[in-house]
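Inspection log for the structure reproduced underneath, given as structure tokens.
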Ligand SMILES: Nc1nc2c(c(=O)[nH]1)N[C@H]1C(S)=C(S)[C@@H](COP(=O)(O)OP(=O)(O)OC[C@H]3O[C@@H](n4cnc5c(=O)[nH]c(N)nc54)[C@H](O)[C@@H]3O)O[C@H]1N2
Ligand SMILES: Nc1nc2c(c(=O)[nH]1)N[C@H]1C(S)=C(S)[C@@H](COP(=O)(O)OP(=O)(O)OC[C@H]3O[C@@H](n4cnc5c(=O)[nH]c(N)nc54)[C@H](O)[C@@H]3O)O[C@H]1N2
Ligand code: SF4
Ligand SMILES: [Mo]
């Protein structure tokens, strides 16, 4: 017998429904929820691997004060005392909370209430500042509210879907699959991808515009001017429902076609084809994500896009509208509770006296923040300068994810009092905490999240609380109570949700978009059973699927505003010899890897930090394939593997944001990112950074697999999980001078002294291989060479779980190659069935020339489908090679 619980995926903003099953032995498995309207049963590779990431390895299970285990009472009293004293002595703005779009709405609500209504400061900001704040600012400028007008279904109903600054295939995979399915059902549907890189998302695109970094404002201004010239405007909509059109279109028209070409880096024919497509296809949706938001012109990019939709009246109707794709599972929920420093609860404005008064009356609070607090980048500056003296970080890892990350680490270190609530004991941020509070993680906690299409779903508990871990909302409420405040006597998440819903309806009467008044008096049972629903649902039961088809915007005059914008200058590269650094995500890792890094399957897809670089750029710099490269900015540097590829545009390299000090020697890419922000939203520009790149001077390269977690201290190392333990990539500098490699292995892989290795050394080539066996089990295998080690990683990793009864075969490991009976599967492409690239190539050579045929032969791509774009790319590559 197994128990099934319906819950929601804790990763991306698609917000897929998950059914978690716990069997008699306590084993957990997950499946997509066929009834959930976001995914209808689908899950991507990360969602499918959720059960592999919930073990208690590395979990923070007890509160700690200064590194020592403490009682909850003691820890909470201390937090309340220090925050209280700091406020008394230095005023409310001397303390701050830095929270996260991965909190549940209930956690977020309590944190915001405590800071803005009781401590009385606006100093609560969130990692959503790094993620969605340009979209929020763009929405508020245009609509007078932070409203996402459309729904996922619009992507399926559209005849033209534009994806700009979004790698949908990897970052919103289930939505991508819905789009891909819609396109195969309606082949006339057109998809345009606007991205400097040729990403996997381009697999379903009819047009890929490899835009110059930050060329988006110019591109969409060019589009607006074109729409005006070609009479494609909806004059009636503009006249009735908007203001500011003339100024906006005059500014757009002042940019000549040549300017647009220059600044977007696109050819005249490409521009014309794109403009004509938008002009002629009415049902069009423009989706955007971090390539738009994370920019010094991020808010202008958002408004340049919205301008084009307003000008054509293509908003809030089926298959039409601008669509901001939210990143985190609860980025939207955080916005609803006012978790950003410049917002107030329930979509009210902190700048508005009446709104402040209303929220204060509702809360019955002694004070209310009078002005916006510090936005993330300014907040950590204030910490560094000693203006903020007590900081509580919850569900985010800023030492990895904030720009100028080394300065952020130093700021946190220097802060007199730092509390970190996390699920893990060791992260780059927990290292610097004075107080660690253990939080409940996914599957252990209860609450709600809101996805990109305004759909609120329950995350439900199906696992017991481990150790003494407690919910984040409970931690905040306890501290509120201990600081002597009324209004924190919540007994359950349902209590909090009810209050949040009541506030959304309080003196609303249709004046605010966010209204879930229907749930104001929700009881525990109803909350437990709550089915996914889209807001708004007012107390009277009024709902709406889309916004703004008939105007009714939230500015006082009820009209939308066209924004008059200027296009920034752009260039192909940053500086004469320099390159532009672009950062972002890969398919199978989530942010700072604290959860996905636990799964061997997910870690097999891309197992090492890397820099994608165009072949010409690599050649000019003497960077060879699979060698290491050092990427540097005035702020810091990383050492990562070179991945030479024509998908990358010239002049720009791409490095993922995921790797950190727990997984690599030096790969925190945010150490290089300057703290440059969008002037309106305060969102950091994480995608267009001036850097240099050069070969890393390695004397020796190494690779190892080990049953225990290796503890390397070399110039370069990168760790990854495998089925039976760990894999590690290594490089040594000439100055490392290691004479006794056996002793080095014993230290690094924690090997018992009595175990003698099998070994092979070639003095000519410098190759060295050592394998350590304990009976029939391989404990560690180490490969060293002067060139990047050419051993099959997946084969070596598999040897950790194999039984090595045949003594002669053990020598195959030292030989560094699979036996004839064990073909090398190659790097993982399909995480669900662990199918490697070599197995897929073999199937293609055997005549499987479609993704379906490869799936039938190998299972690859037949579960979650996240790798189908990659399989299709491999097929194209093989067929092209065969044709040559
Ligand atoms: N696998 C995975 N999925 C995730 C996450 C994860 O960590 N891993 N995180 C989630 C979160 S929080 C977020 S915010 C989303 C982010 O989702 P996305 O925004 O789709 O992801 P990114 O890789 O950050 O960036 C998207 C693309 O923007 C492009 N880009 C860079 N500069 C420009 C530019 O100037 N103009 C244009 N048009 N494009 C540009 C980049 O090349 C990149 O391909 O993903 C969510 N989903
Ligand atoms: N260069 C560059 N930098 C970026 C980006 C980029 O594209 N490029 N993207 C930015 C974006 S969009 C985002 S969203 C951020 C993400 O960056 P972060 O928020 O820093 O990344 P996460 O790894 O998701 O951090 C979540 C932390 O919360 C912990 N945690 C997990 N569940 C819980 C819980 O239930 N309670 C508590 N208390 N803790 C929990 C995890 O262990 C982890 O330490 O990074 C930003 N930084
Ligand atoms: S697309 Fe994947 S990561 Fe995003 S919510 Fe769905 S299963 Fe989770
Ligand atoms: Mo994000």
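Over all alpha-carbon pairs in the stretch 3-53, figure out the percentage whose distance exceeds 19 Å.
18 percent
Round to the nearest 0.05 the FRET efficiency obtained for residue 711 and residue 40 when R0 = 45 Å and r is the Cβ-Cβ distance.
After rounding, the FRET efficiency stands at 0.50.
How large are Rg and Dmax for the stretch 780-884 when calculated on the C-alpha trace, in angstrom?
Considering the stretch 780-884 through its Cα atoms, Rg and Dmax are 15.8, 45 Å.
At a threshold of 8 angstrom on Cα-Cα distance, excluding pairs fewer than six apart, so keeping six or more, what relative contact order does the stretch 673-769 reach in percent?
Relative contact order for the stretch 673-769 comes out at 21 percent.
Could you give the length gained on full extension between residue 805 and residue 354, defined as 0.36 nm per residue of separation minus the Cα-Cα distance, in nm?
154.6 nm
Run the simple label-point estimate for residue 879 and residue 699 please: 7 Å along Cα→C-beta, distance reported in nm.
Label-label distance for residue 879 and residue 699, simple model: 5.0 nm.
Tell me, what is the percent relative contact order of the chain, built from C-alpha pairs under 8 Å that lie six or more residues apart?
Value for the chain: 15 percent.
To the nearest 0.05, how large is the calculated FRET efficiency for residue 738 and residue 425 if R₀ is 30 Å and r is the Cβ-Cβ distance?
Calculated value: 0.45.
Taking neighbour Cβ counts within 10 Å as the exposure measure, how do 69, 314 sort from fewest upward?
Least to most surrounded, the residues fall as 69, 314.
Once you place label points 7 Å from the Cα toward the Cβ at residue 250 and residue 637, how far apart are they in nm?
So the label points at residue 250 and residue 637 sit 5.2 nm apart.
Would you kindly give the portion of the calculated P(r) for the stretch 175-238 that falls above 21 Å, as a percent of all Cα pairs?
Considering the stretch 175-238, 45 percent of its Cα-Cα pairs are separated by more than 21 Å.
Calculated from DSSP H runs of 4 or more alone, at -39500 (n - 2.57) each and per residue, what is the 222 nm mean residue ellipticity of the chain, nearest 500?
-8500 deg cm²/dmol
Once you have the Cα-Cα distance between residue 852 and residue 465, take 0.36 nm times their residue separation minus that, and quote the gain in nm to one decimal.
Contour length minus Cα-Cα distance gives 135.1 nm.
Extending each Cα 7 Å along its Cβ direction at residue 85 and residue 777, get the distance between those two points in nm, one decimal.
4.9 nm
What base-10 log of the normalised intensity I(q)/I(0) is obtained for the stretch 474-623 from the Debye formula, alpha carbons as equal point scatterers, at q = 0.14, 0.21 Å⁻¹?
Ignoring solvent entirely, the Cα scatterers give -0.98, -1.22.
By how many nm would the segment from residue 557 to residue 231 grow when fully extended, if each residue of separation counts as 0.36 nm and the alpha-carbon distance is taken off?
114.7 nm
Under 17 Å from the 7 Å Cα→Cβ point of residue 259, by amide nitrogen: which residues of the stretch 220-236?
Counting backbone N atoms under 17 Å from the label point, the list is 220-229.
When a/c is below 1.5 the answer is rounded, else prolate if a/b is larger than b/c, else oblate, so apply that to the stretch 828-883 with a ≥ b ≥ c taken from the square roots of the Cα gyration tensor eigenvalues.
In terms of gyration-tensor shape, prolate.
Please report the antiparallel percentage of the DSSP beta bridges confined to the chain, to the nearest 5.
Antiparallel: roughly 60 percent of the beta bridges in the chain.
Specify, per residue and in Å³, the volume enclosed by the convex hull of the alpha carbon atoms belonging to the stretch 243-381.
Looking at the stretch 243-381, the number lands at 177 Å³ per residue.
For the stretch 1-41 and the stretch 490-520, write down the distance between their C-alpha centroids in whole Å.
Computed from Cα coordinates, the inter-centre distance equals 27 Å.
Would you work out if the stretch 579-695 is rounded, prolate or oblate? Take a ≥ b ≥ c from the square roots of the eigenvalues of the alpha-carbon gyration tensor; rounded if a/c is under 1.5, else prolate when a/b is larger than b/c, oblate otherwise.
It is oblate, given that a/c is not under 1.5 and a/b is not larger than b/c.
So what's the convex hull volume per residue for the Cα atoms of the chain, in Å³?
169 Å³
Taking the alpha carbon gyration tensor of the stretch 122-212, what are the square roots of 5 times its eigenvalues, largest first, to the nearest whole Å?
27, 16, 12
Fewest Cβ neighbours within 10 Å first, please rank 375, 21, 27, 559 accordingly.
Arranged by neighbour count, lowest to highest, 375, 21, 27, 559 become 27, 21, 559, 375.
What FRET efficiency, computed as 1/(1 + (r/R0)^6) with R0 = 35 Å and r the Cβ-Cβ distance, is obtained for residue 66 and residue 676, rounded to the nearest 0.05?
Taking R0 as 35 Å, the efficiency between residue 66 and residue 676 is 0.45.
If one computes the Cα centroid of the stretch 773-850 and of the stretch 744-763, what distance in Å separates the two points?
So the separation of the two Cα centres works out to 20 Å.
Please give the direction-averaged projected area of the C-alpha convex hull for the stretch 133-324, in square nanometres with one decimal.
9.6 nm²
Could you state the number of Å between the C-alpha centres of the stretch 74-89 and the stretch 314-331?
Between the Cα centres of the stretch 314-331 and the stretch 74-89 lies a distance of 41 Å.
Hey, what did the stretch 616-712 get for relative contact order, percent, Cα under 8 Å, at least 6 apart?
It comes to 33 percent, rounded to a whole number.
List the pair-distance distribution P(r) of the stretch 640-681, using every Cα-Cα distance, as the percent of pairs falling in each 10 Å bin from 0 up to the bin containing the longest distance, rounded to whole percents.
22, 39, 32, 7
Tell me whether the stretch 603-659 comes out rounded, prolate or oblate; compute the Cα gyration tensor, take square roots of the eigenvalues as a ≥ b ≥ c, and use a/c under 1.5 as the rounded threshold.
oblate
First obtain the Kirkwood hydrodynamic radius of the stretch 700-815 from its Cα pairs, then insert it into the Stokes-Einstein equation at 20 °C and 1.002 mPa s, and state the resulting D in µm² per second as a whole number.
Once the numbers are plugged in, D ends up at 152 µm²/s.
Quick note: the coordinates plus some simple rules give every number you see, no bench work behind them. All values reported here derive from a predicted model rather than from experimental measurement. Neighbour counts are summed over all protein chains in view; Cβ atoms, including those assigned to glycine, are modelled from backbone coordinates with ideal geometry.
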